[in-house]
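Structure record follows, encoded as structure tokens.
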Amino acid sequence: MVVEVANGYLIALSGRLDVSAVAEVRTVLHGAIDAGSGDLVVDLSAVEVVDATGLGLLLGADHRAKQRDRRLVFRDASPRVLRILRATRLHRVLTLESAAAALV
């Protein structure tokens, strides 16, 4: 898993969001949530696969952001990741958007 923090409002994830990557990603997400304000965009376009541990991380980070009056926006999830989010009904809980929709 590669985590890039572009600025205080954008984090780009790539690779596998699974049990082996969760600790690193959690540290970065929590730090960004705690340090900023407003929306925090998490770019998922380069995430290849997400497992149950990764889903738990996304849900937990979203909860943490809401507790701090912030909103996590998960952008450009791949079709594979979107299928998993829909199958688990997390697409109803998490804020998802595409980059094209954000430009409008």
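The values are calculated or read from the model by the stated rules, or taken from the named source; none is laboratory data. Since this is a predicted model, take the numbers as computed values, not measurements. Using ideal geometry, Cβ is built from the backbone for each residue, glycine included, and neighbour counts are taken over all protein chains shown.
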message: Of everything in segment 39-64, what is of a type in the set (D, E, K, R) and over 17 Å from residue 95 (Cα atoms)? Give them in sequence order.
response: 48, 51
- request: Among residues belonging to segment 58-79 that are assigned to a helix (DSSP H, G or I) and among the hydrophobic types (A, V, I, L, M, F, W, C), point out the one that is farthest from residue 17 (Cα to Cα).
  value: 65
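What are the residues in segment 31-57 that are in a helix (DSSP H, G or I) and either modelled with pLDDT under 95 or β-branched (Val, Ile, Thr) (or both), if any?
Step one: filter segment 31-57 for residues in a helix (DSSP H, G or I), giving 31-35, 52-57.
Residues satisfying the conditions are 31, 32, 33, 34, 35, 53.
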message: If I ask for residues that are surrounded by 15 or more Cβ atoms within 10 Å (Cβ to Cβ) and not acidic (Asp, Glu), which ones from segment 39-52 would you list?
response: 40, 41, 42, 44, 47, 50
query: Regarding residue 77, is this residue under 14 Å from residue 10 (Cα atoms), surrounded by 12 or more Cβ atoms within 10 Å (Cβ to Cβ) and free of Cβ contacts under 8 Å to residues at least 40 places away in the same chain?
result: no
- prompt: Restricting attention to segment 42-57, and to residues there that are of a type outside the set (Ser, Thr, Tyr) and under 13 Å from residue 11 (Cα atoms), which single residue is nearest to the chain's Cα centre (by Cα)?
  reply: 42
task: For residues that are surrounded by fewer than 14 Cβ atoms within 10 Å (Cβ to Cβ) and in contact (Cβ under 8 Å) with a residue 12 or more places away in the chain, tally how many sit in segment 10-38.
output: 7
